[in-house]
Every structure is written in structure tokens, then in C-alpha cells.
């Protein structure tokens, strides 16, 4: 058996599967975006640009903008809280650290929908959180905590914060903490040392955390569907609505293509920065 | 370091409270004698009884969904363990143009949002006239599980000592013997860890399943979703608690096993 032949035989199963069930479907979606729908919800013959003209209707820029700012804000909040957590975890003893990590990951292992449901029942008009806020005088009894953008933001942060903590911790673990002492000796304040020494030190983790939070949030569908309302829909909701309610597959495909383009930007950015980093470390060694 | 800031510790405690509080409330609600989440109406076990007695409509649906979920997860895990391990081995063993393309293909499903994978697979199944059901769910789950298995196994392969394979070959072992007697035992833990991850991801998946499931092939997350939308939300509480107990014990158990193994073979 030649080496080339051996390589192909062990590469082919996974590659074939992924080409067939990942690459082809993705191309199919891009293609269907240029088709018409038939009356009974199927896909028409011939090519058209009508679907795209329909997508650029007045209500969509709002939905795209909302998707972007909700994803951006979720990522920022997750990073803001995860950085101190990763700092603290990295300075713990090895055993305490493992237990703390397990404690952080554990809720992530419970079913995602169940966690969203837990928030739904907390924020519900009869829920405890709502009742507590009313009792404290922070919310009026008629106030609706559910079905708005803030509920969506809250649950998005809740769901994705472990995804931000893990890569940041992985970076912080490798950080040389004596650098902080050095900065302090040279006269930097606590906060100054943290911001200008620790944060640049974990920049690789920050990029990873950004990608693993921002991208899935862009495509989120279940969370805005359950705790959000008509005024807090994201692109994902519009895609699902076109598939399950309006039965307009070309329209859904056009929206999915749009979402894919939005997702591609941060991916290309992270590949670019990683390659540049690799090149600069390569030069050093 | 005496005057180290207490701030990061407070943030961590705050984050942990934030992570666990809803789950705790869910557990308390599961014993609440009220049809809707809200004021405490008294302690009851009736939700658990409805679930476990299996003669109610809800219980029957839930157990069927559980069976579907486990069946899908089992099939997707087995297929993705084989394909993912092969993929990892190919990427580890060969450095070529083909492998960088292969690597890109394997990593891509990890960054693509679920909804895009869901809709594109749905379009494929619609186009080839495949009726939606358990088979389409298994195919979809396998597609994202392959990448996770490959990633985990590839991680383990980084510490793999390839001279063992050369030694076995020098001693006259053929390709098959090398696979069965050297590779599988050494890579076993990595493959198992990848399989465990694939299994949990498959059980947990909602969005992709929602797009590729047909009538009668409801899995547990999809069932929970429809119960949430129309039906008995309080029953979900009890179901969640059973779910949480099962997953927490599996995770803690596997963590224990993995940690013990790591301790017995210290990495140099």
C-alpha cells in the first residue's frame, strides 16, 4: 500500500461525510436563496433575485441590528465577568482549581432548554424573582420581565458565560504572575497592573472567548423564542418562522446566507490574528 | 502577597450564585403543588408520580421521547467515534495539502451556529426527498459529533509516543495487529472521552433536532420545548430534576475516573 493511498483511505470517511452533510447542504442553502417559492411551500424552478429583494424589506435591518447589538453586549458582559474569574481561578491551588472548574462547568451539563426554562419560571409574572422585585419596590406589579430584549440578554449571558470562562482560564493558567509583582514594584497601582499587564497577557484567550461566545449567540434561536417576544426577535427567529410558519424555504435560505456572512467576519478575523501571531512567534524562535 | 484584591473572588462567588440559583429554584418548584410556576402552594410529589407511573399521556410521550433520545445519541456516538478517530489519526499522521483541507472541514462545524446547520441539513433532506425522522436526526447529530470526537482524540494524540508503533512493526506486527494491540488500547481513553462528549452533546441538542425531526421522532429536548409552549410546565420541573441528577452523577463519576487515571500516569 502506498503512503498516498493509505492517507486517502483513512481521510475519506470523515471527509466524505462532511462534504456530503456539511459542505453540500451549505451550498444548497446559498443556492435556494436564489429560487422562488411555490404555492404549496416548495422550491420553484428557475433562478430569481426576488427573494433577496424581499429580504431587504424595512423590518429586517432592525432585526439584524438587534442581533448584532445583543450578541456584542452579551460577549462584552461575559468577558467582563469572566476575566476576574479566570484571574482568581489561575491563582488557586491545583486541587481547588479543578473543583472550581467542575463547579463552573456542571450547570453547562444540564440540558440547555431546562436552564432556559428555569429562567422563564423565575421571570414569569408569578415567578419568585418578579415577586421579590415587586416586594422590594423595584418593579411595579404590572411590569413584565419576560418577553423583552433584557430578558433575552440575561439568559444569553447565563448560557454563554462558561464558554467565556474556560478559554480565558486556559490563558490565565499560563500567565506568569510574577509580572504583576514586577509592575507593582515599578509603581503601578493594582488596577493599572491588572489592566496593562494581565489583560494583554491573556489576549489569546480573549480572542477565543470572543469567537466561542459571539458566533453562537449570533445564531441563537431558542432563547429569544422562549423568553423573548415580538420586539426581541433575532435573525434565528426569522429563519425558523420562515421555515415552520410561513413555509417559505427560499426566504429562510436567504436569511441563513446573510447570517453565515455575518458569522464569517469574526472567524476570518480570528484566523488572521492567529496566523499573524504564529508568524511573529515563528520569527522569534 | 498580603494586600491581594478580594474583588476577583467576589466576582467568582457572584457568578457561581448566578449559575446555580435558577437550577436551585427549579428543584424547589418541582415540589410545588401548583399548576403554574408561582406562589408556593404546598409540598407535593405528584409531578414525580405522574412521570413515573407511566399511564398518563404526558408520561407516555416523555418516555417515548427518552427512548428516541437515547437511540439517536447511541447511534450518533458510535458512528462519530469511528469516523472522528479516523479523522484524528489522519490529521496526526499526515501533513499535506489534503490534511489542511480536511482539518478545515473538521473544524468548520464547531464554529457554525446550530441554526445554520439545522436549516442546511433540512434543505438537503427536502431536496433528496428524504422523510424526516430518526434517521435524519442521527445523520445530523453524527455530522457535528465527528468534529468533537476528532478534536478530543487529536488532543490525546499529541502525547502519543509514535516509537511504540515503530517498535511493534520492527518486532514483526502487521498493520492489523498494530491497530488492535497498540493503537486502540493507548487511544482508548481518548476515544471514550470523545464518545462521552458526543453522547452528551447529542442528548442536549435542541435546535438541529428541531429542524430535522419529523412527526413521531420527538426527542426529549423537543418534547420539553413543546411542553413549555403548550401543556404542563410544572411537569418539566420534575423531569428536569431527574435529568439533573442523572447528568451530574455521570459527570462527577467520569471526572473521578479521569482524574484517577491522570494521577496514576503523571505526565512528564
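Per-residue answers, yes or no, for (1) more than 7 Å from every other protein chain (Cβ to nearest Cβ); (2) in contact with a helix residue (DSSP H, G or I) (Cβ under 9 Å, 6 or more places away or on another chain); (3) under 13 Å from residue A:226 (Cα atoms):
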residue	(1), (2), (3)
A:113	no, yes, yes
A:119	no, yes, yes
A:138	yes, yes, no
A:146	yes, yes, yes
A:160	yes, yes, no
A:167	yes, yes, no
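A count restricted to the stretch B:181-206 and to residues that are farther than 30 Å from residue B:227 by Cβ and surrounded by 11 or more Cβ atoms within 10 Å (Cβ to Cβ) stands at 13. For the criterion of being surrounded by fewer than 20 Cβ atoms within 10 Å (Cβ to Cβ) and in contact (Cβ under 8 Å) with a residue 24 or more places away in the chain, residue A:132 fails.
Report yes if residue A:101 is more than 26 Å from residue A:226 (Cα to Cα) and in a helix (DSSP H, G or I), otherwise no. Yes, satisfied. Put simply, of B:98, B:124 the only residue that is without any contact (Cβ under 8 Å) to a residue 12 or more places away in the chain, within 24 Å of residue A:256 (Cα to Cα) and in the same structural domain as residue B:195 (by TED's automatic domain parsing) is B:124. Taking the stretch A:66-96 as the range and being assigned to a helix (DSSP H, G or I) and free of Cβ contacts under 8 Å to residues at least 40 places away in the same chain as the test, the residues that pass are A:69, A:76, A:80, A:84, A:88, A:94, A:95, A:96.
Looking across the stretch A:24-45, just one residue is part of a strand (DSSP E or B) and at the interface with chain B (Cβ under 8 Å from one of its Cβ atoms), and that is A:43.
Taking the criterion of being away from chain A (no Cβ under 12 Å) and either surrounded by 16 or more Cβ atoms within 10 Å (Cβ to Cβ) or part of a helix (DSSP H, G or I) (or both), would at least one residue in the stretch B:2-24 satisfy it? Among the residues of the stretch B:2-24, not one is away from chain A (no Cβ under 12 Å) and either surrounded by 16 or more Cβ atoms within 10 Å (Cβ to Cβ) or part of a helix (DSSP H, G or I) (or both), which makes the answer no. What about residue A:183, is it more than 12 Å from every other protein chain (Cβ to nearest Cβ) and either farther than 23 Å from residue A:152 by Cβ or surrounded by 23 or more Cβ atoms within 10 Å (Cβ to Cβ) (or both)? Answer is yes for this residue.
The values are calculated or read from the model by the stated rules, or taken from the named source; none is laboratory data. Everything quoted here is computed from the prediction, not taken from an experiment. Counting neighbours? That spans all protein chains shown, and the Cβs are built from the backbone with ideal geometry, glycine included.
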